[in-house]
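Notes follow the structure.
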Amino acid sequence: MATTIPASVSRRKRLILAGDIFLGLAIVAAALHFFALGLSNLLWPIAGIAATMCTTWLRQSIRHLDVPTTEMDEYELRLHTDARDKGLKTALATAIVLFLVAGATAFGLRFSGAEQVAVEEATSGANIAIFFAKLIYIQLLWIPFAVAKELANKLNADELRGGGN
């Protein structure tokens, strides 16, 4: 006898997958910044807006447990605390990666063997500022999504274990 997956679980899984894809596109947009600036600048806001929408819808599907406004029972409080811990770990990891990527980029541009004109254009103040804005934007998108994703995965597991209520 096959059991059906509850609609809420399927919806959360789809939102998690879509959010992961759009966050990946935001990362690709940052990676393309020095190679295909036009494509990067087109992809960056589209991926960011789509990832934000996925995070918002995912937060709605978990009843905003990531940012509680009412009293929670003991189980919900434990879920919330675990997800917040995961979000803080994600924030730390993305901050470290952000600094490593920024440092490697600065080092690589300083000592690259490309023509001087191309290097000067790539390292203009505005171009570097936009690149760092893309990196910070990825982090700002990733943290709330990581917390909501963790809660959604735990709620999905509970619903599947409990037979869906």
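Dividing the summed -39500 (n - 2.57) terms of all DSSP H runs of n ≥ 4 by the residue count of the chain sets its mean residue ellipticity at 222 nm at -28500 deg cm²/dmol.
Whole-percent P(r), the chain, all Cα pairs, 10 Å bins from 0: 10, 32, 27, 17, 10, 4, 1. If you fit an axis through the alpha-carbon atoms of helix 37-61 and take the longest principal axis of the Cα set of the chain, what angle between them do you get, 0 to 90°, nearest 10? So the inclination is approximately 10 degrees. Compared with the dominant Cα axis of the chain, that is its longest principal axis, helix 125-162 is turned about 20°. Estimated at 0.36 nm per residue, the fully extended path between Phe107 and Met53 surpasses their Cα-Cα distance by 15.9 nm.
Comparing Cα centroids, segment 1-37 and segment 81-113 end up 21 angstrom apart.
Packing, taken as the mean count of other beta carbons within 10 Å per residue, orders the peptides 69-78, 96-105, 83-92 from highest to lowest as 83-92, 96-105, 69-78. Just name one of Ala157, Ile138, Thr55: the one whose Cα is farthest towards the positive end of the charge dipole of the chain (beta-carbon charges, Lys/Arg +1, Asp/Glu -1). With unit charges placed on the Cβ atoms, the residue in question is Ala157. Of the residues Arg14, Arg63, Arg110, the one that moves most in a GNM of the chain with alpha-carbon contacts below 10 Å is Arg110. Which value, in debye to the nearest 20, gives the size of the charge dipole of segment 9-157 about its Cα centre, when Lys and Arg are +1 and Asp and Glu are -1 at the Cβ? Charge dipole of segment 9-157: 420 debye, to the nearest 20.
FYI, it's all coordinate maths here, none of it is from the lab. Given the structure is predicted, the values throughout are model-derived calculations rather than measurements. Note that we place each Cβ from the backbone using ideal geometry, even for glycine, and neighbour counts take in every protein chain shown.
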